[in-house]
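Have a look at the structure below before the remarks.
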Amino acid sequence: MQSGSQSRDVAQRILDNVNKVILGKGEAVRLGVIALVSQGHVLIEDVPGVGKTMLAKSLARSTGCTFSRIQFTPDLLPSDITGASMYNQKTGEFQFRPGPIHSQVVLADEINRATPKTQSALLEAMEERQVTVEGVTRPLPSPFMVMATQNPVEYEGTFPLPEAQLDRFMLRIRLGYPSSQEEISILDSQQVAHPFDSLQPVATPQEVAHLQEEVRRVYVDALVKQYIVSLTESTRSHQDIALGASPRASLALQRVGQAHAFLEARDYVLPDDIKGLAGPVLAHRLVLTSAARMQGLDGTRIVRQLTEGAAVPGVRAGR
């Protein structure tokens, strides 16, 4: 059985390994690892060519997890994701052939290019870690993580993600363009070969599963829980928000707070952990009113206003 310090060493090895490939985006990589050890899913929303796909592939290879990529297109069917029964002429029976969702790390590339019907095939998998096909429920491997990408500037041939699906993504990550110096470093690192080609696993799926168990044991004080709920409740009564954050969002805030504290070598969550992660957890879940959108507001800006205005509680003495 690994100790807490050994588990943190595993997490740090994963961080360092992925940062060899994703240069200059340490915060985005950290959020990806936080989602992994929190048993959450990630929506990576950014322009093409900034490393969205490579982040998912690097996380999978660094942890030794099985990896599959689903290229979402308008003609993709739900059975193309979950799998289907095929007739075997040799045996004269139908045999189930699992789809690409039956992997430990699943990349849903350009997820907003598929129809809502196909997108909904992910709902059960993301929430319950299982898929039901033809009346038979099959568990998915552990650990299990969906990393979806979407391009926010291309709207032709795309379908907005339903609120129920957005709510199942624990975090939204934005990579952004690199700085000039970072882009030069990228050119240098890929002049001969891509760093991903030589990337080796630094952890095992079993170690990741143990990490997830350790994170769940991080202490969350009642006052911190009250702070989490006050943030999510404030989104439900905000004049610029038509649909606020759900209780699932409160759970996500607690879990990412635990993961962040764990990576910081603490066995307890601070209010600042929650405050710093509120944007990536809450912003994509909010549905703004038409008037707010016309004013140019977005979820990130509103969450920032809410966290700046909310009273941050002190943590009880003795912890």
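The values are calculated or read from the model by the stated rules, or taken from the named source; none is laboratory data. Just so you know, these numbers come straight off a predicted model, no measurement behind them. A quick note on method: Cβ atoms are made from the backbone with ideal geometry, for glycine too, and the neighbour counts reach across all protein chains shown.
Here are the numbers for the structure shown:
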read-out: Single unsatisfied condition, ARG8 versus (1) part of a helix (DSSP H, G or I); (2) touching a Gly at 6+ places or on another chain (Cβ under 8 Å); value: (2)
read-out: Output for the stretch 71-120, where each listed residue is among the β-branched types (Val, Ile, Thr) and under 16 Å from the mean Cα position of the chain (by Cα); value: ILE101, VAL105, VAL106, ILE111
read-out: Conditions (1) touching a residue at least 24 places away in the same chain (Cβ under 8 Å); (2) of a type in the set (A, V, I, L, M, F, W, C); (3) surrounded by fewer than 17 Cβ atoms within 10 Å (Cβ to Cβ): number failed by PHE94; value: (1)
read-out: Breaking point among (1) out of contact with any Ser or Thr (no Cβ under 7 Å at 6 or more places or on another chain); (2) surrounded by 19 or more Cβ atoms within 10 Å (Cβ to Cβ); (3) among the hydrophobic types (A, V, I, L, M, F, W, C); (4) not in a loop (DSSP other than H, G, I, E, B), for ALA84; value: (2)
read-out: Selection count where residues are within 22 Å of the chain's Cα centre (by Cα) and either over 24 Å from GLU213 (Cβ atoms) or of a type in the set (Lys, Arg) (or both), scope the stretch 231-275; value: 12
read-out: Looking only at the stretch 133-143, and only at residues there that are part of a strand (DSSP E or B) and touching a residue at least 12 places away in the same chain (Cβ under 8 Å), the one that is surrounded by the most Cβ atoms within 10 Å (Cβ to Cβ); value: VAL133
read-out: Candidate set from the stretch 38-49 (those that are out of contact with any Phe, Trp or Tyr (no Cβ under 7 Å at 6 or more places or on another chain) and β-branched (Val, Ile, Thr)); member that is surrounded by the most Cβ atoms within 10 Å (Cβ to Cβ); value: ILE44
read-out: Test for HIS238: is it in contact (Cβ under 8 Å) with a residue 24 or more places away in the chain and closer than 23 Å to VAL105 by Cβ; value: no
read-out: Qualifying residue in the stretch 115-122 (condition: assigned by TED's automatic domain parsing to the domain that holds GLY32, modelled with pLDDT of 90 or more and not polar (S, T, N, Q)); value: yes
read-out: Number of positions in the stretch 100-111 that are in contact with a Ser or Thr (Cβ under 7 Å, 6 or more places away or on another chain), free of Cβ contacts under 8 Å to residues at least 60 places away in the same chain and surrounded by fewer than 22 Cβ atoms within 10 Å (Cβ to Cβ); value: 4
read-out: Helices (runs of 4 or more DSSP H) contained entirely in the stretch 194-292, each with at least 2 residues that are within 30 Å of GLY51 (Cα to Cα) and in the same structural domain as VAL10 (by TED's automatic domain parsing); value: 205-216
read-out: Residue identified as surrounded by 20 or more Cβ atoms within 10 Å (Cβ to Cβ), touching a residue at least 24 places away in the same chain (Cβ under 8 Å) and in contact with a helix residue (DSSP H, G or I) (Cβ under 6 Å, 6 or more places away or on another chain) among LEU171, LEU166; value: LEU171
read-out: Test result for GLY296, within 23 Å of ILE44 (Cα to Cα) and outside any loop (DSSP other than H, G, I, E, B); value: no
read-out: Residue within the stretch 140-147 that is farther than 29 Å from GLY26 by Cβ and assigned by TED's automatic domain parsing to the domain that holds ILE34 present; value: yes
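So that you can scan it fast, the table gives a plain yes or no per residue for (1) surrounded by fewer than 22 Cβ atoms within 10 Å (Cβ to Cβ); (2) among the hydrophobic types (A, V, I, L, M, F, W, C); (3) under 17 Å from ARG8 (Cβ atoms):
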| residue | (1), (2), (3) |
| --- | --- |
| GLN239 | yes, no, no |
| ALA245 | no, yes, no |
| ARG248 | yes, no, no |
| HIS260 | no, no, yes |
| GLU264 | yes, no, yes |
| ASP272 | yes, no, no |
